[in-house]
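Remarks on the structure that follows.
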Amino acid sequence: MDDDRPIFGMDQKWKKTRLVSMLDEVFRRDKQYYHRVQAVLASVECVAGLSAAAPSASMALKAMTRHFRCLKNMISDQLRGVGEEDDSSFGLLDRNGYPGRTIDSSATFAQPHVWRPQRGLPERAVSMLRAWLFEHFLHPYPTDMDKQHLASQTGLTRNQVSNWFINARVRLWKPMVEEVHSLEMHQKHQHLHLRR
């Protein structure tokens, strides 16, 4: 029975490392979308005049911020739930449950190297597929050309890419969307209840 504890501990570390990696990706995408909206806003203002796109841009930024905040909170909650008896979070999170803000030379969050036996697809390939998923979060269905391109980029087969997206939509994307919807409905219900 004691033989299971080290494996369980390694699984906990691996899961926390993966969750921190996802949280890092959400932070990166949030910043990227913000800059993209700002660039579009500047382009529209050049053509249509100042303040022409401000109301729409403000709504888009608020919606995207809300969705990213929900994603961040969901992943942080998952991180807090993994190995509740260990509050150190293996040094990966600050006291608020967010990734530690140690920055390496490439200006991304430093990720600890945790050895684990090879299971499933290579981590580099999964990172690229996960990045595509978050980049296309509102419609995470790659076309055949996208799958072929991702396969050549990652060194996987087209079938492996296709299967990864099928699984990722069920295991990652769908629960996140359901959680965001649930939070929005809860907030809407509270808002309506407060207005009475």
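The values are calculated or read from the model by the stated rules, or taken from the named source; none is laboratory data. All figures in this text were calculated on a predicted structure; none of them were measured in a lab. Methodologically, a virtual Cβ is constructed for each residue, glycine included, from the backbone with ideal geometry; neighbour enumeration extends over all protein chains shown.
Residue-wise test of (1) outside the structural domain of residue 70 (by TED's automatic domain parsing); (2) more than 27 Å from residue 19 (Cβ to Cβ); (3) modelled with pLDDT under 90.
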{"residue": "151", "(1), (2), (3)": "yes, no, no"}
{"residue": "163", "(1), (2), (3)": "yes, no, no"}
{"residue": "166", "(1), (2), (3)": "yes, no, no"}
{"residue": "176", "(1), (2), (3)": "yes, no, yes"}
{"residue": "180", "(1), (2), (3)": "yes, no, yes"}
{"residue": "183", "(1), (2), (3)": "yes, no, yes"}
{"residue": "189", "(1), (2), (3)": "yes, yes, yes"}
Which residue is surrounded by the fewest Cβ atoms within 10 Å (Cβ to Cβ), if the candidates are limited to the range 133-174 and must be part of a helix (DSSP H, G or I) and in contact with a Leu (Cβ under 6 Å, 6 or more places away or on another chain)? 168
Would you confirm whether any residue within the range 81-97 is assigned to a helix (DSSP H, G or I), in contact with a helix residue (DSSP H, G or I) (Cβ under 9 Å, 6 or more places away or on another chain), modelled with pLDDT of 75 or more and surrounded by 12 or more Cβ atoms within 10 Å (Cβ to Cβ)? no
Cβ-Cβ distance below 6 Å, separation of 6 or more or different chains: which pairs start in the range 53-82 with a residue that is farther than 15 Å from residue 18 by Cα and touching a residue at least 24 places away in the same chain (Cβ under 8 Å) and end on one that is among the charged types (D, E, K, R) and surrounded by 14 or more Cβ atoms within 10 Å (Cβ to Cβ)? 68/30
Could you please find all residues in the range 28-44 being touching a helix residue (DSSP H, G or I) at 6+ places or on another chain (Cβ under 6 Å) and closer than 23 Å to residue 132 by Cβ? 29, 30, 33, 37
From 67, 35, which residue is modelled with pLDDT of 70 or more, of a type outside the set (A, V, I, L, M) and loosely packed, with under 13 Cβ neighbours inside 10 Å? 35
Subset of the range 173-196, residues under 30 Å from residue 132 (Cα atoms), of a type in the set (A, V, I, L, M) and without any contact (Cβ under 8 Å) to a residue 60 or more places away in the chain, comes to 177, 185
